[in-house]
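Here the structure comes first, spelled out in structure tokens, and everything after it is commentary.
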Amino acid sequence: MAAIKGLYGSVDEFLEQCKQSGDSAYTALRSLLERLEDPNTRTEARIFFAGLQKRFQSKESIDECLDNYHFRIQDIFIEQHQEGYQKTKKLTMMVIPSIFMPEDWSFTFYEGLNRHPSSMFKDKTVAELGCGNGWISIAIADKWAPSKVYGLDINPRAVKISWINLYLNALDESGQPIYDDEKKTLLDRVEFYESDLLGYCRDNHIELERIVGCIPQILNPNPDAMSKLITENASEEFLHSLSNYCALQGFVEDQFGLGLIARAVEEGIAVIKPMGIMIFNMGGRPGQAVCKRLFERRGVRVDKLWQTKILQAGDTDISALVEIEKNSPHRFEFFMGLVGDQPICARTAWAYGKAGGRISHALSVYSCQLRQPNQVKKIFEFLKNGFQEISNSLDLSFEDDSVAEEKIPFLAYLASILKEKSFFPYEPPSGSKHFRSLIAGFLKAYHHVPLSAENVVVFPSRAVAIENALRLFSPRLAIVDEHLTRYLPRQWLTSLTMEKKETDKPSVDAITVIDAPRQSDLMIELIRKLKPQVVVTGMAQYESVTSSAFEHLLGTTREIGARLFIDISDQFELSSLPGSNGVLKYLAKTVLPPHAAIICGLLKNQVYSDLEVAFVISEEESIFNALSKTMELLQGNTAPIRQYYYGCLFNELLAFQLPDRHPPAERDVETVKASNVIGFSSSAISVLNQAELSINDIDHSNPIHMDVEQSFLPMPTPAKAAVFESFARQNVSEAETDVTPSIKQFIKTSYGFVTDSNSEILYADCPLALFTKLVLCCIEEGGTLCFPSGSNGDNLSAAKFLNASILTIPTSSDMGFKLTEKQLTSVLETVSKPWLYVSGPTINPTGLLYSNEEIESILSVCAKFGARVILDTSFSGPEFTSKPHGSWNLGTSIAKLNSANSSFCVSLLGGVFLKMLTGGLTFGFLFLNQPYLVDVFNSLSGISRPHSTTRYTAKKLLSLKEQKAGDLIGEVTERETILGSRSKRLKETLEKCGWEVVEACAGISMVAKPSAYFGKTIQLKKDAGVWEAQIDDSNIREAMLRATGLCINGASWTGIPGYCRFTIALEENDFGRALDCIVSFDKLIRN
């Protein structure tokens, strides 16, 4: 008679305890497990189980055992007997009512696993989700000899019973170990743990090669039940419900009852090895397309291993599915019995089942593998760090593999950028050094052209590159390829002024453009006859294969002294097997002559037909520098996202290549120089030499930029989410990227500015690009652009570069350098066709604020004199003053004005992202309500419009702001507090060092005057040289930079004699270093 010493004297005694209740039976079995776990009592316990099983041999007695004693022990036959096969063909299994019992659902799943070859699990690390009583985990280990199987279940009782079953099959009936061919037992290969899905593996850093799952796919009709604490002492009913039902998981698939599967897949992506495989049992109730999409939109390839029909478990309530159908157009798929072939909906199935009918549903076994595992893992690693809600927008399913091969790596790269960086770093106006290096690297690797990043300037688009180049040289006459003239201002294409006269005044029409056919012989004929100063052309397709046509153009333009910009956009291929390109063939053997440059617009990507970035190649240092500065003056810089996207494509083509495997050959240098080639325009030369532009050629290895109009504070989490979501989604509707309604609401809420049917809102990548077009409108009208002293230096420099007529309105320190009614009146009464630029409510650079009364006073003067007003709000947003200033109500203020002069109008210029401190992102808008200005503005062309993803991001954030979403508002408020603290710290440090500070109350900058330093001499030694200067407001910037590596703006930028500008939205460590630099400079001067 089987007995357990000190525990049960007989099987009958054991059964008597089990008979009391399910909980008593579980307690009794748990005590037996403790004996199995102890090597000293293991044999005795296994013999006891053998005796117990002999008591219940027939099917009737097994069923009675479950009814009377609350457990069942029986053999499960997992493979038909084959002659000569020695392995176990059956498993001894025990179940209790509070755990999942093997039925058609799990047997069908095992049949699907069986369709795999033996190599599928051999020597692999495997996890089974929802292991129940452990039979599938044990069967996998018994048949395929994996290195380890982790059976996981959220039900603690299921884990205990699984361990019992493991011992029952690892030991024979006499309690001796059963060894396999590798001299291992099942105890060596299988372990069971309590785990919510893959939590155990994640927490213990276990990497898996295979994940199998047979888990619930119906929402619990009683949602509150799922919120109970899961312990082994919970009720049997509740613990068993964990096998049939799942709770809401926060995924879009919850609506189909597949939320738990969705979470399992995403958790699996995190812990599975790159070439790992996940296998899931999928009930076909939601429809096969829905089931398949669950995997595919997460970047998983799906193969259907096996499909059949099974009867719906009688103890599963499908009323939750009926409720879903009632509230959505989706229909679930059930069948009447196993032979029914026409699907019925959940409501019909529920009614049929209630009437006594048997319903069935399809059951499929899916094998799933990540299509680009390393990249998909990066994406989900990013999402799980506070961005889980974006998972519902993610769509990595692609019909075209080429699209997937492009988009998934970019999303992975973007995810890593957003995860690792708290803000987009500062990049020079010439473009990201990394991106320019990738372009140069591609040309070197695939076309054998030995260029460096210092030969490449990046632009937002080909149109911007062409227009900027023409404005830099301002030629009397330019010939432009007819395919490219559509990008140019209408005035250039209608002008007939081909010869410059002494009396000519600067105007927007100073450049005359003649369009010409792309065919080289016709183009050359025109060049020789008309003798233009600049030629911009592409290459006909049949001429682009060899370099002869290009060489002919080079020779002809050299002869007449014309600059040549050759466009290779149509022939440039981002491919590992790029087509032949005659221009690049020439560059592989000959240095590009100084009078020539190459333009290339990148548009040929697989995903976004309208996402463009362009670059210009020049091997002449002066041209590279001038183009970079022109880009800074007229556009600011190229949006980082554009550079990231194409940089990712270049990187994919370069990452696998060995460096310098083919050293470039020596190239020829043309000895014949172009005669009398046109130089930069006089206005360009003046500004390029005198304007305070960004400092990039710095000796210091790690300069600190307090001269950059960008926030380097951590980007708010909702902003990161919106950026990623804008690229992660597919099939975004036009309404979702139509930002106009949101902008209208934004300017109404922020400034009380109301739009009407005559108004138009225009967009650009950044506000500066829109401002430069307004300057051109002013020039076209013959107006004078008036700047208060203490205006943004970048905007003033841009106006000077464009050769606008400019007048400075003096301001005084006792008014905080604000514009007053008296000062404005004294100037406007002397000016014909005045245009006024005003920065507000936040004044850049002082950081002061115009109140509603002050701006109303300024507008009243402008109305009196018929001035056109540019209100620049792009530097407004973050405010940290404790003094109330009153918000603007421009609509009311303008309505009060009765201007007899019809030329009076207010144009509102602004940005979106600075207000929410989303550093590195830019988005400019311009509100125009004067039909004349709208017409002139639209004729100017050449604006780089925000990409649809940027518009999506802007709309999303504006919507959150309007809703006063807690996360966004909270993080912005936190950063405003940081700016307030920074402003005080900087003020204290400057004043201690003898600076006169204008206390800021908003924005990201402040101004101060180094009164204590003026007239003092500084000497700096470096290597063998000495730099010496007597400090004044013309050299304080250079002195600070040379001495400390701190970049600030001087008086020529601020427009206020003696005053420098400091930006404060730096990264925390950089801000601390900046304060140290100010103190060390002070010590250097005083000593």
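The values are calculated or read from the model by the stated rules, or taken from the named source; none is laboratory data. Since the model is a prediction, treat every value here as computed from it, not as a measurement. Note: ideal-geometry Cβ built from the backbone for every residue, glycine included; neighbour counts use all protein chains shown. Protein only, heavy atoms only, side chains kept; ligands, DNA and RNA dropped before computing areas. Shrake-Rupley method; radii C 1.70, N 1.55, O 1.52, S 1.80 Å.
Per-peptide packing, taken as the mean over residues of other Cβ atoms within 10 Å, places 684-691, 1054-1061 in the sequence 1054-1061, 684-691 from highest down.
Between amide H atoms placed 1.01 Å from N, distances below 5 Å from S495 occur with V513, all of them 5 or more places distant or on a separate chain. When the Cα positions of A588, L611, S569 are compared along the charge dipole of segment 567-620, A588 comes out farthest toward the positive end, with charges on each C-beta of Lys, Arg, Asp and Glu.
Summing charges over neighbours of L239, with a neighbour being any other residue whose Cβ is under 9 Å away from its Cβ, gives -2 when K and R count +1 and D and E count -1. Computed on segment 911-1034, the Cα convex hull volume stands at 243 Å³ per residue. If only the Cβ of Lys and Arg carry +1 and only the Cβ of Asp and Glu carry -1, the dipole of segment 525-579 around its Cα centre is close to 360 debye. Helices in the chain, meaning DSSP H runs of at least 4 residues, each add -39500 (n - 2.57). Divided by all residues, the mean residue ellipticity at 222 nm is -12500 deg cm²/dmol. Using the average count of surrounding beta-carbon atoms within 10 Å as a protection proxy, the listed peptides 1025-1038, 920-933 rank, highest first, as 920-933, 1025-1038. The long axis of helix 852-865 is offset from the longest Cα principal axis of the chain by roughly 40 degrees. Around the amide H of G752, modelled in the peptide plane, lie the amide H atoms of L890, all under 5 Å away and 5 or more residues distant in sequence or on another chain.
How do T308, T989 stack up against each other in accessible area, from largest to smallest, with a 1.4 angstrom probe?
Sorted by accessible area, descending: T308, T989.
Surface composition of segment 550-593: carbon plus sulfur atoms hold 49% of the accessible area, using a 1.4 angstrom probe and ignoring ligands, DNA and RNA. Hey, what do the phi angles of segment 286-293 turn into as Karplus ³J(HN,Hα) couplings, whole Hz, using 6.51/-1.76/1.60 and θ = phi - 60°, x for Gly and Pro? Listing the rounded values in order: x, x, 4, 5, 5, 4, 5, 5 Hz.
Per residue, how much accessible surface does the chain expose to a 1.4 Å probe? Answer in Å², no decimals. Don't skip to the answer; put the middle values down first.
Numbers: 43800 Å² over 1087 residues.
Per-residue value: 40 Å².
In the chain, if the dipole is taken from +1 on Lys/Arg beta carbons and -1 on Asp/Glu beta carbons about the Cα centre, which of G866, L168, P931 is farthest to the positive end? It is G866. Sorting 112-118, 732-738 by average packing, meaning the other beta carbons within 10 Å per residue, from highest down gives 112-118, 732-738.
What number comes out for the charge environment of D153, summing +1 per Lys or Arg and -1 per Asp or Glu over other residues with Cβ under 12 Å away?
Values: positive: R157, K160; negative: E128, E194, D196, E232.
Charge balance near D153 sits at -2.
What do you get for the angle between helix 767-781 and the principal long axis of the chain? Use alpha-carbon atoms, 0 to 90 degrees, nearest ten. Helix 767-781 sits roughly 30 degrees off the main axis of the chain. Taken about its Cα centre, segment 967-1087 carries a charge dipole of roughly 500 debye when the Cβ of each Lys and Arg holds +1 and the Cβ of each Asp and Glu holds -1. Treating each Cα of the chain as an identical point scatterer and summing with the Debye formula, the log10 of I(q)/I(0) at q = 0.08 Å⁻¹ comes to -0.92.
Net charge around I599, counting only other residues with Cβ within less than 10 Å of its Cβ (Lys, Arg = +1; Asp, Glu = -1)? Here the count lands on 0. For the chain, a simple Cβ point-charge model (Lys and Arg +1, Asp and Glu -1, everything else neutral) yields a dipole of about 1260 debye relative to the Cα centre. Carbon-plus-sulfur accessible fraction, segment 396-439 (probe radius 1.4 Å, protein heavy atoms only): 46%. Helix 717-728 axis versus longest C-alpha principal axis of the chain: approximately 80°, rounded to the nearest ten.
Roughly speaking, to the nearest percent, how much of segment 228-363's 1.4 Å accessible area is carbon and sulfur? Display every interim value, and only then the final one.
Values: 3270 of 5960 Å².
The nonpolar share, carbon plus sulfur, comes to 55 percent.
Taking the charge dipole of the chain about its Cα centre, with +1 at Lys and Arg Cβ atoms and -1 at Asp and Glu Cβ atoms, the residue from F100, S422, M120 reaching farthest to the positive side is S422. For C786, nonlocal amide neighbours, meaning residues 5 or more places apart or on other chains whose placed amide H falls under 5 Å from its own, are L807, W835, L836, Y837.
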